[in-house]
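Step one of this worksheet: look at the structure below.
The values are calculated or read from the model by the stated rules, or taken from the named source; none is laboratory data. For clarity, every value in this text was computed on a predicted model and none was experimentally measured. Every residue, glycine as well, gets a Cβ built from its backbone with ideal geometry; the counts of neighbours run over all protein chains shown. Only protein heavy atoms, including side chains, enter the accessible area calculation; ligands, DNA and RNA are left aside. Shrake-Rupley method; radii C 1.70, N 1.55, O 1.52, S 1.80 Å.
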Amino acid sequence: MQQFELTEDQRQIQEMARQFTAAEITPNAAHWDEHHIFPRDTIKQAAELGFGAIYVSEESGGIGLGRLESALIFEAMSYGCPSTSAFISIHNMASWMIDRFGGQEVKAKYLPSMIAMDRLGSYCLTEPSSGSDAAALKTRAVRDGDHYVVSGSKAFISGGGQNEVYVTMVRTGEDGPKGISCLVIEKDMPGVSFGANEKKLGWHSQPTAQVNFDEVRVPVENRVGGEGEGFRIAMMGLDGGRLNIGACSLGGAQRCLDEAVGYTKERKQFGQALTDFQNTQFMLADMETELQAARWLLYVAAAKVTANDPDKTKFAAMAKRLATDTGSSVVDRALQLHGGYGYLQDYPIERFWRDLRVHSILEGTNQIMRVITAREMLRQ
């Protein structure tokens, strides 16, 4: 059984994240959601535990953990607030891309402040007319001496208008993926502007906005990787991002399952507790079984991404698809078990129902996850 157990170090990391969540996130999450508060101070506190650079290398100042450890952290934080946990995961993806593929100049310029979360990072790939077909992006960067001149727009950007650092995919060459490069663009560079904060179904504790670039001059030293490598870098970032968002679904669903168990033990109808009815027992058993299955697939995928296994992308796609679909399904059934009370903001279920819905869309839709999985199968 040992190969299927977490190590003592992993359990300690998980427990640290759980304690932070119980103290700083869970008591405040409903307030953040209701009043659309971006909890920057709490996010800064997470950085003090190393959660601003979970898989940034120790050489660059991060804590250099693997993808399974990061999944444990995001799963634990999502037990309190999937929206805030997901925001921190996106920042980690941006900082990792700079660390993994950036030169010394761009690392020195951005990583110290991002690790401390004094500056927060966004991942900018999606455009108004380029969602699932990400390689069709149109934001263009034209070389002009020691700078690129960038024009275009990015859509649905977490942290848009609030974050200071935007790791942005731009077109520097031909159409298609080989013409895409990656640049780090700052909020205060002339020509950068933002749309209005989007009014969303969920994820109320983090801002989302369009990011616009109007002839923004970006130093060449801010390029991450070589010209034409941006799409490959973006996709490698998404392998980890998909694990993170899957972990956020697991944590949110576990919270709602625990709430459903507690509620159905106490709630009485027809003179007996809801848990005395076999129908309730069967629902709870299915929720537990499906959640555990999704969790262990995600843990296996995380280990494969850390080890850079050849099938890591397929497993990341499968795990993201299963974890996010299962998470939403478990929360939906938890709401049903609460009856009318589950629909009220007095209980946390409806917030998790709203927050987890977007997880099957972002970091690649679950339809695209199926495309990736089938494509990798058919290559064999």
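Observations on the model:
- For the chain, share of DSSP beta bridges that run antiparallel, in % to the nearest 5: 85 percent
- For the chain, the longest principal axis of the C-alpha atoms and the axis of helix 230-266 are separated by about 20°.
- Ellipticity at 222 nm from helices only: DSSP H runs of n ≥ 4 in the chain, each -39500 (n - 2.57), divided by the residue count, give -17000 deg cm²/dmol.
- Alpha-carbon Debye profile of the stretch 1-160, log10 I(q)/I(0) at 0.09, 0.15, 0.16 Å⁻¹: -0.36, -0.91, -1.00
- GNM result for the chain, Cα springs below 10 Å: residue of 338, 31, 204 fluctuating most strongly: 31
- Relative contact order for the stretch 24-92: 31 percent, from Cα pairs under 8 Å spaced at least 6 residues apart, divided by residue count.
- A simple packing score, the average count of other Cβ atoms within 10 Å per residue, orders the peptides 179-186, 290-297 as 179-186, 290-297, with the highest score first.
- log₁₀ of I(q)/I(0) at q = 0.18, 0.21, 0.23 Å⁻¹ - the stretch 317-380, Debye sum with one point per alpha carbon: -0.66, -0.78, -0.86
- Cα principal axis extents for the chain, largest first, Å: 79, 48, 38
- Sequence-separation-based contact order of the chain, relative, with Cα cut under 8 Å and 6+ spacing, percent: 17 percent
- Taking amide hydrogens as placed 1.01 Å from N in the peptide plane, the amide H of residue 192 sits under 5 Å from those of 214, each at least 5 positions away in sequence or on another chain.
- Alpha-carbon centroids, the stretch 169-210 and the stretch 4-48: separation in whole Å: 27 Å
- Here the stretch 136-198 exposes an accessible surface that is 48 percent carbon and sulfur, computed with a 1.4 Å probe and the other protein chains kept in place.
- Residues whose amide H falls under 5 Å from that of residue 139, counting only those 5 or more places apart or on a different chain, are 153, 171, with hydrogens built in the peptide plane.
- Against the rule of thumb 2.2 N^0.38 Å, how large the Cα Rg of the stretch 164-294 comes out: 1.68
- Relative contact order, percent, the stretch 151-280 [alpha-carbon distance under 8 Å, six or more residues apart]: 25 percent
- Candidates 38, 51, 315, ranked by Gaussian network fluctuation over the chain, Cα under 10 Å, top entry: 38
- Anisotropy class of the stretch 102-253 from Cα gyration tensor, a/c 1.5 cut: rounded
- For the chain, the solvent-accessible area of protein heavy atoms averages 43 Å² per residue (probe radius 1.4 Å; ligands and nucleic acids excluded).
- Of the residues 237, 262, 102, the one that moves most in a GNM of the chain with alpha-carbon contacts below 10 Å is 262.
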